[in-house]
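Reviewing the structure listed below.
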Amino acid sequence: RCDDAAGRRYGVMTRRCQAGSGRVMEAELRYRTYSRRWAVLLAGSVLSCSNAMCWLTFAPIADQTAQYFHISMDQVNWLSMIYLIVGVPFGFGTTWILDMLGLKTSLILSSWLNLAGCAVQLLSVAFFIPHESWKFPLLMVGQTLGALAQPLVLFSPTKLAATWFPEQQRATANMISSMANPLGILFANILSPLLVKKPSSMPLLLGVYAVPAAIACFLTMVAIRQKVPPTPPSAGAANSTSEPFFTGIKMLLKNKAYLMLMICFGGGIGVFTSFSALLQQIVCVRGYSNVRPHFTPSSFSSLLGQKYCKL
């Protein structure tokens, strides 16, 4: 049986262990940071950025998407809404995956789901698809796979920072990995209108968006080789514990401060995501082009505001 001693100094913790004979032994547990933590952070950030790009691939070019796939604007909106619909129930499963299976399983699974979604989307515009009516269902399957990856990506920044980084670097690591998602939203709003000037450019768009997904999958497979570092980076990481899943849910539902934060923050994120998905349809009816509304200072400011709310 071992108990942590009260006295600690930076990088070293004394652990007092009692042997079967009653003898007391002390052992020093040293903390260590690994340089590959930055590679893990890069992999998670690229994955988050890619997934956000896949989410809003079609929102800035809704009219061109409707023409290419011969669908209605409501069907185009479903390509974005599927992320929100899938994210709610699958988010509970993601919490269990992070706690029980760890960061490695979560990020690798999400990277493959994200890449598979891009691959199916590319398949939907392939020349050998025999019927036009098959294209949109394939496209929706690809978006659904990306939607399954999204909670695994969005819930990982805090876990990544706590598992791989020392306490004085956790805020920085969390900030970098969290900022990657709105950065992907920004890239989607810029690249989609630039690449798709006419409906026939849709295969080019999907091919370009598959590149970050492939890079993210490669980085994740190479950089994340262990569930946790061999030696914890801090005392917090060494002694990290969490409540059982259902017990934790009950505790949160009884926490009034958390419920207020959830309503306020969740409502803000809901408004932001709705605005992001419908921006093109809102402003283009007023005479703007597909490109112009996504470069306005107000649009960029909304991204920054969303990020500051997250932090």
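At a glance:
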{"read-out": "Some residue of the stretch 135-156 being farther than 21 Å from residue 56 by Cβ and either buried (at least 17 other Cβ atoms within 10 Å of the Cβ) or not hydroxyl-bearing (Ser, Thr, Tyr) (or both)", "value": "no"}
{"read-out": "Where residue 107 falls short, out of the listed (1) surrounded by fewer than 21 Cβ atoms within 10 Å (Cβ to Cβ); (2) under 23 Å from the mean Cα position of the chain (by Cα)", "value": "(1)"}
{"read-out": "Elements of type helices (runs of 4 or more DSSP H) in the stretch 159-245, at least 2 residues being at pLDDT 90 or above and closer than 30 Å to residue 283 by Cβ", "value": "170-195, 202-223"}
{"read-out": "Scan of the stretch 77-129 for residues that are touching a Ser or Thr at 6+ places or on another chain (Cβ under 9 Å), modelled with pLDDT of 90 or more, within 26 Å of residue 275 (Cβ to Cβ) and not hydrophobic (A, V, I, L, M, F, W, C), ordered by number", "value": "80, 83, 110, 114, 117, 121"}
{"read-out": "Exclusive hit being open to solvent by less than 90 Å² (accessible area, probe 1.4 Å), modelled with pLDDT of 85 or more and assigned to a helix (DSSP H, G or I), set 257, 277", "value": "257"}
{"read-out": "Where a residue in the stretch 112-128 is part of a loop (DSSP other than H, G, I, E, B) and its partner, wherever it lies, is buried (at least 17 other Cβ atoms within 10 Å of the Cβ) and acidic (Asp, Glu), with Cβ under 6 Å and at least six apart", "value": "none"}
{"read-out": "Check on residue 206, surrounded by 15 or more Cβ atoms within 10 Å (Cβ to Cβ) and either β-branched (Val, Ile, Thr) or without any contact (Cβ under 8 Å) to a residue 40 or more places away in the chain (or both)", "value": "no"}
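The values are calculated or read from the model by the stated rules, or taken from the named source; none is laboratory data. None of the values given here were measured: they were computed from a predicted structure. As a convention, Cβ positions derive from the backbone with ideal geometry for all residues, glycine included, and neighbour counts pool all protein chains shown. Calculation scope for accessible area: heavy atoms of the full protein, side chains included, ligands and nucleic acids excluded. Shrake-Rupley method; radii C 1.70, N 1.55, O 1.52, S 1.80 Å.
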